[in-house]
Amino acid sequence: MAVSNIVTHTITVYDVCTGDVVRSFGGRGDDPRRMKFPWKLCLAPNGNILVAEYGNNRVQEFTLAGNHVRFIGVGVINAAFHGIACNCDTIVVTKYSHPGHRQVLMFEYVSGALLRSFGDYGRAEGQLSCGIGGVRFTPDNRHIIIAEQYNNRLSLFTVEGAFVKCIGVGAGLNCPADVEFAPNSDIIVASRGDHRIVMFSADGSTVLRSFGDEGSGPGQFKYPTALAMQSGQLFVLDRDNTRVQVFC
């Protein structure tokens, strides 16, 4: 398991079984292996780590040992990279930016070439707020789903960039920071602003349950900001408690 730290500008790799630190690498800077505000990360198809650098406006790829592999997206656009996801063919990046900028970038995984950008700024359906959170490919890899922190909803697009629908409108989401899929394709959301996890049916039409409240005890959160599903377990980055919680 790998966790980014925007305060120390580092990536820390943990042993999932023991919770022990395996290694930490990085540090503030713009040279290879250095980072500025590494926000979210994901695993590449080859097992490497892809990091969205908020401060350097780029993606950096590392081996699990912390060795720099390459940069992606350098000079493409002057906007802060934020969320990131990858499948076998494509890297998708969301970003904080201003009106007039497209909010989603898609790169070819092998070459790193920019394929397309989409997502106009705004609050209407099909538009995206500047405060985009996490992004994921749907299990069938035909769509991407985006957590919109400032619009308090999820937005579903095809991988070609066509808007499909909004999810979670009126469901009480409060600054959703990340989104993930359960093994049965149910949708899991980190509702950061009210310190809870919300689960929707796979089609997004129904809230199935939610759990968590503000606090530092087991099962409580202080600003859950990132999610990952592995081997049927849900990993939640509990930001202001400076920990990761694991749920079965």
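When TYR109, TYR54, TYR121, TYR96 are compared by accessible surface with a 1.4 Å probe, the order from highest to lowest is TYR121, TYR54, TYR96, TYR109.
For the range 149-239, the share of accessible area belonging to carbon and sulfur comes to 48 percent (1.4 Å probe, ligands and nucleic acids excluded). For the residues VAL93, VAL159, VAL110, a GNM of the chain with alpha-carbon springs under 10 Å puts the largest fluctuation on VAL110. The Cβ shell under 11 Å around VAL7 holds other residues with a net charge of +2, Lys and Arg each +1, Asp and Glu each -1. Within the same chain, lysines fewer than 8 places from LYS40 are excluded, and of the rest, those with a Cα less than 17 Å from its Cα are LYS95. For the range 177-248, report the % of Cα-Cα distances exceeding 17 Å. So the portion of pairs separated by more than 17 Å is 35 percent. When nucleic acids and ligands are ignored and a 1.4 Å probe is applied, THR63 ends up with an accessible area of around 40 Å².
If you take the alpha carbon atoms of the range 35-115 and fit the smallest convex hull around them, that volume is 76 Å³ per residue.
Restricted to Cα atoms, the range 65-183 shows a radius of gyration and a Dmax of 13.9, 44 angstrom. Taking the empirical scaling 2.2 N^0.38 Å for compact globular proteins as reference, the range 163-219 has a Cα radius of gyration ratio of 1.12. Both radii are taken from the alpha-carbon atoms of the range 1-56; with Rh as the Kirkwood radius, Rg/Rh is 0.97.
Counting only DSSP beta bridges with both residues in the range 1-117, the antiparallel share comes to about 95 percent.
Size descriptors for the range 107-248 (Cα atoms only): Rg and Dmax, in that order, 14.9, 45 Å. Here the range 81-135 is assigned +1 on the Cβ of each Lys and Arg and -1 on the Cβ of each Asp and Glu. Its dipole about the Cα centre then comes out at about 160 debye.
With all protein chains kept in place, the per residue accessible area of the range 17-147 amounts to 44 square angstrom at a probe of 1.4 angstrom. As a ratio to 2.2 N^0.38 Å, the alpha-carbon radius of gyration for the chain is 0.94.
The apolar share of the surface of the range 24-121, taken as the fraction of accessible area on carbon and sulfur atoms (1.4 Å probe, ligands and nucleic acids excluded), comes to 49 percent.
The values are calculated or read from the model by the stated rules, or taken from the named source; none is laboratory data. Nothing here was measured: the structure is a model prediction, and the numbers come from that model. Here the Cβ is made from the backbone with ideal geometry for all residues, glycine too, and neighbour counts use every protein chain on show. Heads up: the accessible areas ignore ligands, DNA and RNA and are worked out on the full protein's heavy atoms, side chains in. Shrake-Rupley method; radii C 1.70, N 1.55, O 1.52, S 1.80 Å.
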